[in-house]
Structure formats: C-alpha cells, structure tokens
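Engineer: Got a structure here, written out as structure tokens. Questions coming.
The values are calculated or read from the model by the stated rules, or taken from the named source; none is laboratory data. All values reported here derive from a predicted model rather than from experimental measurement. No Cβ is skipped: glycine too gets one built from the backbone with ideal geometry, and neighbour counts run over all protein chains shown. The protein model used for the area step is the full one, side chains on, heavy atoms only, and it has no ligands, DNA or RNA in it. Shrake-Rupley method; radii C 1.70, N 1.55, O 1.52, S 1.80 Å.
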Amino acid sequence: MPFWSWGKNKWNPDGKHCYVTGGSVGLGLALATILASRGAHVSIVARGKQRLADAIEVIESHRQRPDQIFRSFSFDLCSAEGAEAALDAVVADHEGLTPDAIFLCAGVATPRFFVESTAKDLIDGMNLGYWTEAWTSWAVTRRMVQQGRQGKIVFIASTLCYMTFVGWSSYSPARHAVRGLADTLRSELQLYNIDVHLFSPNTMLTPGYDEEQKTKPKITLKIEEGDTPLTAEQAAIGLIKGIEANHAHISADFITELFRASTRGSAPGHNFVYDWALDMMAMIGAPIWRSSVDTLIRAHRAEHAEYLQTNGVLSTHGDPGPTVK
Ligand SMILES: NC(=O)C1=CN([C@@H]2O[C@H](COP(=O)(O)OP(=O)(O)OC[C@H]3O[C@@H](n4cnc5c(N)ncnc54)[C@H](OP(=O)(O)O)[C@@H]3O)[C@@H](O)[C@H]2O)C=CC1
Ligand SMILES: CCCCCCCCCCCCCCCC(=O)[C@@H](N)CO
C-alpha cells in the first residue's frame with residue numbers, strides 16, 4: 001500500500017476468516033474473542049483439547065451473527081507436517097480457501113541461565129519460539145499464492161526481539177528470528193499483495209506468563225520490574241489498533257516503542273517525527289538503563305555462584321539432556 005493511502009480503508013474483520021494459533025488461552029484467546037465480537041469467523045489451534053473446548057465457549061459468547069463459523073483443532077505446530085495438517089483442518093469449512101488473516105500467537109517461553117540449559121532446552125526454545133510461527137506462515141503463504149488469495153499474516157514476537165538480557169538465551173534468539181522472518185516476508189510478499197505485521201508485546205499476564213515464572217531466574221524477574229504488565233485484552237486491543245493503522249511493527253507499551261524505533265532496521269516506521277523523538281530518547285535512556293542492569297548483574301555474582309553450587313548445575317555440564325534429535 002503506498003504511503004498516501006495509509007490510514008484509509010481501515011482493516012475490518014467483519015465476515016473475514018481469522019486463524020489464530022495459540023487461540024486457547026492468553027493473547028490468542030483475547031484476540032479470538034475480539035475478532036468474534038467484530039463479526040469474524042474464527043479458527044483456533046493449540047495442543048491441549050480441554051483448553052480449546054473451554055475457549056470455544058468463551059468465543060461463542062461473543063457471537064454477533066448465526067452464520068459465524070467458530071472452530072477449534074488440536075495440533076502441535078512445531079513441525080511442517082503439524083502446520084500443514086492444522087491448515088487442512090482450518091480451511092475445511094471454508095471451501096479449502098486460505099484464511100483472510102492469520103495471527104501466530106502459539107509459543108512458549110522458558111527462561112533459564114544459559115549454563116543450566118540442556119541442548120534440548122535450547123532446541124525447544126527455537127521450536128516453541130520460532131518454528132511454531134514459521135511453519136504456519138510457510139504453509140499458508142504457499143497456499144495463498146497457489147490460490148491467488150490476498151491476506152494478512154501477523155507474527156507475534158516480544159520486546160525481546162529488539163533487546164535482551166540475562167535469562168532469555170533460549171527465547172530471545174527465537175524472537176529475533178521471528179522478526180527476521182517477518183521483515184523478510186513483509187518485503188517479499190508484496191509480490192502477492194499479502195500484508196505482514198509484527199507485534200511485539202511486553203509482559204502480558206497470561207497462563208504462559210505464570211508458567212515461565214517456574215524457571216525464571218530471580219535476577220531476570222528483578223530486571224523485569226521495570227516493565228508494566230498488560231492484560232491479554234489490552235495487548236490484543238493494541239495489536240488490532242496497530243493493524244488498523246497499518247503499522248509493520250506494532251507494540252502496545254512505551255518501552256517497546258522506544259526499542260522499536262531505535263532498532264527498526266529496514267522495517268517501515270510509524271510517523272517520522274514521533275519515531276525520531278523516540279529514537280533520541282532511546283539513544284540517551286537505553287545506555288543508562290543497560291548500565292544500571294549490568295551493575296545489578298555483577299552484584300548478583302555471589303548469589304549466583306551459590307545457586308549454581310546448591311543446584312549442582314555444573315555437575316551436569318556437557319549432558320545434552322534427554323532425546324536430542
Ligand atoms: N506473556 C508474555 O509475557 C509474553 C508472551 N509473548 C509471546 O506471545 C505469545 C502468546 O503468549 P501468551 O498468551 O502469554 O501464551 P500462553 O502460554 O498463555 O498461550 C500460548 C498458546 O499457544 C499454544 N501453544 C503452545 N505451544 C504450541 C504448539 N507447539 N502447537 C500449538 N499450539 C501451541 C498454547 O496451547 P497448548 O499449550 O495447549 O498447545 C496456548 O494456546 C507467545 O508466543 C509468547 O511467547 C510475547 C511477549 C510477552
Ligand atoms: C530507556 C529504556 C528503558 C528500559 C526499561 C526496560 C525494562 C525491562 C523491559 C523488559 C521487557 C521484557 C518483556 C519480556 C516479555 C516476554 O517476552 C516474556 N514474558 C515471554 O513470555
């Protein structure tokens with residue numbers, strides 16, 4: 001879309017088929033309910049069947065018209081086969097046609113210290129933080145092009161796709177990879193009139209967030225105190241607003257906006273003056289913040305040494321962990 005038509009013809013989900021991966025809880029469910037309440041047909045995919053069934057009930061309660069189609073399917077999206085099979089199921093009630101919009105919310109974050117991660121932990125990090133999104137985008141793009149259909153693909157990354165710190169060695173690289181793929185596809189899929197967006201939420205209070213607390217190092221949690229968490233609903237509303245504004249990179253909080261504007265690479269920005277102002281703020285603020293965090297980390301050395309000792313972390317050094325392929 002040329003820049004002079006930005007903001008016109010706001011995206012409207014009414015009557016469109018929206019496919020939300022990871023739509024059973026958290027951000028995906030919040031998004032699915034908003035889309036349903038705005039008249040979309042909604043398909044959700046996740047692994048756990050009970051949570052899918054519960055989610056469909058919630059989505060149903062937002063139905064606007066009797067003809068809206070709501071479906072849920074259980075698939076593991078970490079493999080090309082899983083992503084293809086899920087897509088087959090998702091398009092079945094839509095004459096085999098690819099969805100109008102795909103929201104790639106499926107993903108898992110498991111923070112740990114790098115030295116306590118097994119090889120499997122690191123591979124899982126890429127599987128659950130990158131391939132869950134990449135395989136679905138690959139499957140759907142090929143079909144969209146075969147069918148001559150246009151549409152919208154929305155990748156979900158994180159603030160950690162622009163910056164990172166201690167504890168996120170298995171997750172932040174996967175989120176940076178999602179940004180790399182989204183930026184590449186934003187460029188390439190113009191060939192077919194397929195729009196690509198990247199949403200980078202900060203902390204969201206979701207079941208996934210509760211889960212990640214179980215492995216999160218204390219120092220990581222301490223650094224994250226600087227962030228103000230969003231509810232899944234607030235994040236989903238921010239995402240939809242960003243799509244309506246036709247932003248390539250979307251965020252829903254000020255800190256991520258700072259990192260977006262100062263780490264944008266070749267991605268299109270928002271408003272030039274606004275981005276420039278953010279960039280200036282980040283140029284001064286980010287090094288000050290980083291230096292205070294570095295001080296915090298160095299002050300944590302003794303406690304960390306004790307943690308390694310007590311948990312016998314280094315005695316397992318070199319063990320690749322179970323079932324590494
Ligand atoms: N919460 C946060 O603070 C932040 C989260 N994010 C990212 O945003 C996305 C949504 O986060 P959030 O709502 O917190 O996540 P949740 O863990 O609450 O929900 C994740 C969803 O993805 C599904 N899912 C996970 N793995 C797979 C898989 N292999 N195949 C199919 N479905 C899968 C889950 O269902 P099931 O397990 O049953 O398969 C669930 O529906 C994730 O990618 C997350 O990493 C980004 C920034 C901040
Ligand atoms: C001028 C600069 C000021 C900077 C202040 C920075 C404060 C820390 C921001 C940490 C944000 C981390 C979000 C991680 C979300 C996520 O992806 C995980 N929860 C995974 O689910």
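Engineer: Return only the number of the condition from (1) without any contact (Cβ under 8 Å) to a residue 24 or more places away in the chain; (2) within 16 Å of ligand 2 (Cβ to nearest atom); (3) open to solvent by 40 Å² or more (accessible area, probe 1.4 Å) that Q146 does not satisfy.
Structural biologist: So Q146 meets the others, but not (2).
Engineer: Right, here's the next one. Name the residue that is nearest to ligand 1 (Cβ to nearest atom), counting only residues in the range 36-68 that are outside any loop (DSSP other than H, G, I, E, B) and farther than 22 Å from G107 by Cβ.
Structural biologist: The selected residue is E57.
Engineer: Next up: What's the number of the only condition in (1) open to solvent by less than 30 Å² (accessible area, probe 1.4 Å); (2) within 16 Å of ligand 2 (Cβ to nearest atom) that A248 fails to meet?
Structural biologist: Only one criterion in (1) open to solvent by less than 30 Å² (accessible area, probe 1.4 Å); (2) within 16 Å of ligand 2 (Cβ to nearest atom) is unmet by A248, namely (2).
Engineer: Which ones in the range 196-217 are more than 10 Å from ligand 2 (Cβ to nearest atom), in contact (Cβ under 8 Å) with a residue 60 or more places away in the chain and either open to solvent by 60 Å² or more (accessible area, probe 1.4 Å) or farther than 27 Å from I243 by Cβ (or both)?
Structural biologist: The answer is T215, P217.
Engineer: Right, V273: in contact with a Leu (Cβ under 6 Å, 6 or more places away or on another chain), free of Cβ contacts under 8 Å to residues at least 60 places away in the same chain and away from ligand 2 (no atom under 12 Å from the Cβ) or not?
Structural biologist: In short, no.
Engineer: Further question on the same structure: May I ask you to list the residues in the range 213-236 that are farther than 13 Å from G26 by Cα and either among the aliphatic types (A, V, I, L, M) or part of a helix (DSSP H, G or I) (or both)?
Structural biologist: K218, I219, T220, L221, K222, I223, E224, E225, G226
Engineer: If you scan the range 225-243, which residues turn out to be over 18 Å from the mean Cα position of the chain (by Cα) and open to solvent by less than 60 Å² (accessible area, probe 1.4 Å)?
Structural biologist: G226, the sole residue that qualifies.
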